[in-house]
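For reference, the structure discussed in these notes is given below.
Where a number appears in this text, it was derived from the coordinates with a stated rule and is not lab data. For clarity, every value in this text was computed on a predicted model and none was experimentally measured. All Cβ positions, glycine included, derive from the backbone under ideal geometry; neighbour counts span all protein chains shown.
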Amino acid sequence: MKKVLTGNQAVAWGVMCSRAQVVSAYPITPQTTIIEEIAELVSSGRLNSRFIKVESEHSAMAGCIGAAQAGVRAFTATSAQGLALMHELIHWASLARLPIVMADVNRAMAPGWTIWTDQNDTLSQRDTGWLQFYCETNQEVLDTVLMSFKIGEIVKLPVMLVLDAFFLSHTAEAIDIPDLEACDAFLPPYKPEIAIDFDHPRAFGGMTGVDVYMEFRYMQQEAMNQALQVAQAVDHEFGERFGRSYGLIEPYRCEGAEAILVTSGTITSTAREAVDEWRARGEAVGLLKVRTFRPFPLQQIREALRGVPRVGIVDRNICPGFGGIFAQEIKAAMYDLEGKDRPAIYGFIAGLGGRDVTPATVGQMLEKTLRPKETDRHLNWIDLKA
């Protein structure tokens with residue numbers, strides 16, 4: 001079925017296709033219409049789910065944790081300050097190994113008070129043990145909801161899928177909605193090995209001594225390592241069933257490139273057009289889209305960028321006191337390469353607080369990467385107002 005949907009509606013329809021059994025959420029702009037659309041799907045009977053109206057995002061995550069521990073498929077959504085309010089329970093969900101799926105509509109953190117996009121809200125949660133997928137299009141958003149439930153339920157970890165505020169959340173495009181029977185074949189009912197069962201009582205979340213806590217963390221890390229292979233396998237299966245796949249990363253026109261720009265989210269669409277324009281002029285540039293941030297696809301990124309002379313990394317985020325977060329991660333990934341295998345890397349900060357990243361903006365970064373005579377190797381701010 002084809003339907004014109006905004007990114008937020010695509011999330012909701014993905015939740016319906018996944019047959020989530022509990023939705024626990026609190027509205028916050030620009031996420032609100034996800035919850036409104038899910039409420040419509042529940043009230044119309046399209047989605048058979050328990051919809052829990054809560055008083056805060058902290059309670060929303062608590063509701064999901066309870067549902068997941070009871071053995072049902074749980075979903076929530078939030079943005080910015082709402083995600084920050086969940087922070088304590090985000091750790092709890094991950095170390096409890098609960099495959100909750102959450103959509104975060106990237107919104108810049110306040111103050112100043114803002115509803116526009118950048119990635120600091122989700123990237124501030126990078127060490128919590130949640131998988132993170134950054135989406136470029138509304139179709140990718142819907143598909144990622146389905147894949148997120150399957151991946152999370154296999155590796156027993158929660159998953160955060162991320163979409164840019166307004167550029168995706170409130171912009172409509174034609175979406176292919178998979179047949180529900182096909183979705184059921186791809187994503188069978190959730191049947192966890194361990195759940196709350198009155199006939200077979202267990203303790204959950206009890207006190208952990210120094211003799212076992214480190215092993216909990218080790219198992220969490222091993223599950224993250226497993227998630228790289230599982231995410232690839234699930235993406236491949238999704239492609240075979242539905243004709244669309246995305247990979248952990250996506251190289252674009254990287255063959256023979258003298259400079260590659262690394263992007264995530266909707267900036268990728270703009271950068272792809274700019275790379276085409278530059279290639280048409282005879283400039284040897286390429287693009288690498290990073291879709292999967294946690295677990296970090298270290299080997300795939302190393303192979304994609306190995307031997308490229310210069311790499312520019314576009315960060316729609318900032319780690320104050322250091323620089324761009326994607327740049328930090330990719331520099332660390334490339335460090336062990338030697339000689340010409342290790343590219344010169346240039347970090348760029350662009351698009352914070354929803355500032356537009358146009359083809360001309362991307363062109364500035366391509367120019368500074370390809371011909372870096374005055375480009376700082378660590379941190380370059382793009383389109384700052386004088």
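Data table
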item	result
About the Cα centre, charge dipole magnitude for the chain (Lys/Arg +1, Asp/Glu -1 at Cβ), debye	400
Relative contact order of the chain, pairs being alpha-carbon contacts under 8 Å that are 6 or more residues apart, as %	16
Selected from Thr76, Thr358, Thr33 as most flexible by GNM, with the chain as the system and alpha-carbon contacts under 10 Å	Thr358
Folded to 0 to 90 degrees: helix 32-43 orientation relative to the chain principal axis, Cα	40
Positive-end residue of Gly312, Gly286, Phe322, charge dipole of the range 250-381 with Cβ unit charges	Phe322
Degrees, to the nearest 10: 359-370 long Cα axis against longest axis of the chain	60
The range 250-381, relative contact order in percent, only Cα pairs under 8 angstrom and at least six apart counted	28
Per-selection metrics, the chain (Cα): Rg and Dmax in Å	20.7, 70
Among 179-190, 94-105, the order from most to least packed when residues are scored by Cβ within 10 Å on average	94-105, 179-190
Net +/- balance of residues flanking Asp164 in space, Cβ distance below 10 Å, scoring K and R +1, D and E -1	0
Extreme residue, positive dipole direction of the range 1-121, given options Val101, Ala77, Val15 (C-beta unit charges)	Val15
Residues Lys150, Lys156, Lys340, Lys53, sorted so that the one with the fewest Cβ neighbours within 10 Å comes first	Lys340, Lys53, Lys156, Lys150
Tensor-based shape of the range 2-155 (alpha-carbon gyration tensor, a/c under 1.5 rounded, otherwise prolate or oblate)	rounded
Degrees separating the helix 267-280 axis from the principal Cα axis of the chain, which is the longest one	30
Separation of alpha-carbon centers, the range 200-239 and the range 39-89, rounded to whole Å	21
Cysteines without a disulfide-compatible partner [the chain; Cβ-Cβ under 4.7 Å]	Cys64, Cys135, Cys254, Cys319
Positive dipole terminus of the chain, leading residue within Trp113, Leu41, Phe238 (C-beta point charges)	Trp113
Counted charge near Glu367, where neighbours are those whose Cβ lies closer than 13 Å (Asp, Glu -1; Lys, Arg +1)	+1
Cross-link table Lys331/Lys368; Lys3/Lys191; Lys3/Lys156; Lys289/Lys373, entries beyond 27 Å C-alpha to C-alpha	Lys3/Lys191; Lys3/Lys156
